[in-house]
1. Within 13 Å, Cβ to Cβ, of B:Ala79, how many net charges do the neighbouring residues add up to if Lys/Arg are +1 and Asp/Glu are -1?
2. How many partner chain Cβ atoms sit within 10 Å of a residue's Cβ in peptide A:117-126, on average, as a whole number?
3. If you line up the long axis of helix B:163-176 against the longest principal axis of chain B, both from Cα atoms, how many degrees apart are they, to the nearest 10?
4. For the range B:134-224, compute Rg over Rh where Rg is the Cα radius of gyration and Rh is the Kirkwood radius from the inverse mean 1/r over Cα pairs.
5. What size of dipole, in debye to the nearest 20, comes out for the range B:61-128 about its Cα centre when the only charges are +1 on Lys and Arg C-beta atoms and -1 on Asp and Glu C-beta atoms?
6. Treating only the Cβ atoms of Lys and Arg (+1) and Asp and Glu (-1) as charged, compute the dipole magnitude of the protein assembly as shown about its Cα centre; round to the nearest 20 debye.
7. For A:Leu224, what residues show an amide H to amide H distance below 5 Å, using hydrogens built from the backbone and excluding near sequence neighbours?
8. What does the charge count around A:Gln128 come to, taking other residues whose C-beta lies under 12 Å from its C-beta (Lys +1, Arg +1, Asp -1, Glu -1)?
Protein chains: 2
Amino acid sequence: MRFGALLSGGKDSLYAAWKVMQMGSDIACFITIRSKNAESYMFHTPNISLTRLQAEASAIPLIEQETEGIEEKELLDLATSIHCASEKFHLDGIVTGAIQSVYQATRIERICHQEGLWCISPLWQCDQETYVRSLANEGFEVIVAGVFADSLDASWLGTHIDRTFVDRLKKVSGKYQISIAGEGGEYESFVLNAPFFKKRIIIEKAEILFKHGAGNYRIISAGLV
Amino acid sequence: MRFGALLSGGKDSLYAAWKVMQMGSDIACFITIRSKNAESYMFHTPNISLTRLQAEASAIPLIEQETEGIEEKELLDLATSIHCASEKFHLDGIVTGAIQSVYQATRIERICHQEGLWCISPLWQCDQETYVRSLANEGFEVIVAGVFADSLDASWLGTHIDRTFVDRLKKVSGKYQISIAGEGGEYESFVLNAPFFKKRIIIEKAEILFKHGAGNYRIISAGLV
């Protein structure tokens with residue numbers, strides 16, 4: 001079967017795509033929604049423009065769609081891009097990195113049904129600690145690209161998501177109810193390398209923006225090696 | 001990847017296994033739980049002993065486990081059989097035919113997490129009418145093996161699940177809130193043929209048992225051709 005994978009730049013979307021590849025299916029394209037609204041429920045991530053590099057690194061075509069990020073209206077933009085991707089790449093279904101967010105998952109599923117596409121979420125309800133720990137072991141190089149929880153300060157930004165990260169996060173997670181996978185939006189991630197990448201991303205220039213208890217690791221320039 | 005597929009004999013479990021095959025993965029074994037309790041929340045189906053024939057028809061090994069069918073205790077039996085199947089067939093994950101039942105899905109997922117297995121439900125939240133209509137078109141020969149809803153009488157038992165079935169069911173479904181896929185337990189099904197079967201099942205002898213507004217189509221003897 002041929003799938004289009006929703007791509008935010010973060011670990012969940014790229015790991016879900018990898019699981020589908022491991023099942024023997026093709027990822028025929030990635031689909032990225034670039035929201036102009038930083039408060040979007042569905043789509044905002046700090047380094048969304050860099051999904052281009054991830055698509056290039058994995059030699060998979062990218063469908064990009066901009067949205068104003070107005071609630072519900074942005075779903076029409078998502079539907080449009082899924083429709084176009086499906087037509088262009090003859091897709092059988094869509095892959096999402098949804099883990100627990102019913103809000104995201106049901107809306108994407110509804111669009112897939114309308115388009116006659118299967119919707120598959122390999123991470124749905126997975127054990128979050130096992131999953132996050134497996135990332136580095138399986139060849140994913142991931143950094144923390146945003147923090148949005150009281151207990152996470154600027155020192156987390158740009159650090160690698162590995163065993164040390166999980167141990168450190170677990171120390172604060174129980175106390176502050178932080179999901180290990182960041183499913184409540186506590187942190188965002190960005191993938192620099194994955195087992196199916198033909199090149200890896202190197203960050204040439206980045207800045208840390210942190211105020212009012214939240215922050216982004218904004219990549220200003222990056223390349224492939 | 002290699003999956004074990006939970007097999008009840010009905011359409012959902014065999015169609016889910018078929019979708020995983022289409023994704024390019026192997027179904028290394030089927031797993032059937034035979035409950036002695038006809039009221040089991042998880043496992044009862046009228047013709048459960050005939051999953052042997054379905055496994056034989058598809059040339060896929062079958063792991064069978066009996067359970068007394070006591071609530072929660074039966075989950076331990078499921079866990080045991082998943083564990084054994086995983087060891088024997090080196091599984092990466094389990095396939096379920098769950099569509100909407102959170103009760104079933106979350107319990108199976110929990111067991112998979114404990115075993116370090118992926119849990120995949122290709123039919124999860126699918127559009128039920130589209131799915132049931134696609135069965136006959138995709139080469140599934142399925143009959144109604146049980147009816148457990150006020151609006152479904154003995155005349156439904158043994159009939160084929162095809163376009164006529166869906167049209168007929170839709171006439172009563174709105175009025176009586178019957179799910180098209182029978183997800184509320186309104187009806188049970190049994191699969192006689194599937195696109196990956198090497199032989200098809202023929203029913204040699206069957207009886208219809210119907211009383212107090214519910215009934216089973218009980219297959220007494222069947223063979224492969």
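1. Values: positive: B:Lys73, B:Arg107, B:Arg110; negative: B:Glu72, B:Glu74, B:Asp77, B:Glu87, B:Glu109, B:Glu115.
Once positives and negatives cancel, what remains is -3.
2. Details: counts 0, 6, 4, 6, 4, 5, 1, 7, 11, 5.
If you average over the peptide's residues, the count of other-chain Cβ atoms is 5.
3. On a 0 to 90 degree scale, this one is about 80.
4. Numbers: Rg = 13.3 Å, Rh = 13.6 Å.
My calculation puts Rg/Rh at 0.98.
5. Numbers: 4 positive and 12 negative charges, 42 e Å.
Using Cβ point charges on Lys, Arg, Asp and Glu, the range B:61-128 gives about 200 debye.
6. 600 debye
7. Those qualifying (amide H under 5 Å, at least 5 residues apart or on another chain) are A:Ile202.
8. Values: positive: A:Lys11, A:Arg133, A:Lys170; negative: A:Asp12, A:Asp127, A:Glu129, A:Glu183, A:Glu186.
Local net charge: -2.
Each reported figure results from applying straightforward, stated rules to the coordinates on display, with no laboratory input. The shown structure was predicted, so the numbers you read here are calculated from the model rather than taken from an experiment. Note that we place each Cβ from the backbone using ideal geometry, even for glycine, and neighbour counts take in every protein chain shown.
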